[in-house]
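Below you'll find the structure, written out as structure tokens, and then a few comments.
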């Protein structure tokens, strides 16, 4: 028969009154607080511990428990090699975390990576020495912010964020926004943003920014997007809608990006990302109207581009008590919309109303009814001028119908417009259940 296993004695909190605690490096062995001697596990019993106290430390045998607790506290607060290494490791970890956080701030502000060593570290040193009155050398040394370090931090964080975003887009539906622009160095840059719902919140993130190596045709833009989606395993069917600018490469009927995307995803909703009526109107002018517009643009730019003319014009506006005294320099730049979030329902209503008004304006001008054009009624003009204006309004009507075809043809469910009257048309049973709770809320009906 095998020998019976020896019984392992456990430490009890009452042993502190004999001047013993658990050995920090070996909890199964008692440690004397007075002589720092460690005993075997067999000595872990009251009689042996008290015997050691009476024989070896007779002057301490009548001390109360508070005395031994004070000694225990002093021992625990004494620095050890493991504590020193642990403290140093924590400081290094804090410095590394600060390095990542500062690198993220540098990336968000678009500043050069050298700003870490050139400005941020000297500023931190000044704050520590001036405000906290502490030496800053050791702290500064633990925060690596060299040009290469900042670059590595940003690349690591970007890779992690992109991976997490793409993994989420693999399983959810989203809207995508694209814009192509040429940089001053003649590089063609393609930007893409996505908008999706996560944790019942609308989130918007930058998906990618990449150079177009050759041309900027719609097919090239689509191939670039398809290559990215294939690499990240993102299904095209997850795209609900796409927003672009009005460039032919994007909106071309046959070879534009939208046409290529609709061949892949027929039901995708295409919208214009920059809703500026004046900008769109000026894109399709007759020769006479275009010439008039160029006169205005040249006059504005002549004032704005010359500092003396700009100051004189400002004083003229102030003298005439005008609301504004500065002019904006006219530029032709395509950019992604940075305004308020686009509400498709309100957008459809606004565009549909504006398109319908264009035909009304054309009829009114043809009948010489100028109540909607007070400036036109205040000047004299020829009959040929009216024909130019009418033709422009007709061209604008056709352009808007083509440009916003998807929005104008968009079907909005009745239960979205009036949830209190269309409870049974919400679709899935879960949605109908939530809609019933909504329609029975009397407070919502009042608001």
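The values are calculated or read from the model by the stated rules, or taken from the named source; none is laboratory data. Quantities reported herein were computed from a predicted structural model and do not represent experimental measurements. A quick note on method: Cβ atoms are made from the backbone with ideal geometry, for glycine too, and the neighbour counts reach across all protein chains shown.
Structure notes:
- Counting only helices (runs of 4 or more DSSP H) that sit completely within the range 266-360, those holding 3 or more residues that are modelled with pLDDT of 75 or more correspond to 287-304, 307-319.
- Members of the range 217-247 found to be part of a strand (DSSP E or B) and either buried (at least 17 other Cβ atoms within 10 Å of the Cβ) or not assigned by the TED database to the domain that holds residue 258 (or both), listed by number: 239, 241, 242, 243, 244
Yes/no matrix, rows are residues, columns are (1) at pLDDT below 75; (2) exposed (fewer than 14 other Cβ atoms within 10 Å of the Cβ); (3) outside any helix (DSSP H, G or I):
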| residue | (1), (2), (3) |
| --- | --- |
| 375 | no, yes, no |
| 387 | no, yes, no |
| 390 | no, no, no |
| 398 | no, yes, no |
| 406 | yes, no, no |
| 411 | yes, yes, yes |
| 415 | yes, no, no |
| 427 | yes, yes, yes |
| 433 | yes, yes, no |
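- Residue 90 at pLDDT below 85, in a helix (DSSP H, G or I) and not assigned by the TED database to the domain that holds residue 137: no
Here is a yes/no grid of residues against (1) surrounded by 13 or more Cβ atoms within 10 Å (Cβ to Cβ); (2) in a strand (DSSP E or B); (3) in contact with a strand residue (DSSP E or B) (Cβ under 6 Å, 6 or more places away or on another chain); (4) free of Cβ contacts under 8 Å to residues at least 24 places away in the same chain:
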{"residue": "16", "(1), (2), (3), (4)": "yes, no, no, no"}
{"residue": "21", "(1), (2), (3), (4)": "yes, yes, yes, no"}
{"residue": "30", "(1), (2), (3), (4)": "yes, yes, yes, yes"}
{"residue": "36", "(1), (2), (3), (4)": "no, no, no, yes"}
{"residue": "42", "(1), (2), (3), (4)": "no, no, no, no"}
{"residue": "48", "(1), (2), (3), (4)": "yes, no, no, yes"}
{"residue": "52", "(1), (2), (3), (4)": "yes, no, no, no"}
{"residue": "55", "(1), (2), (3), (4)": "no, no, no, yes"}
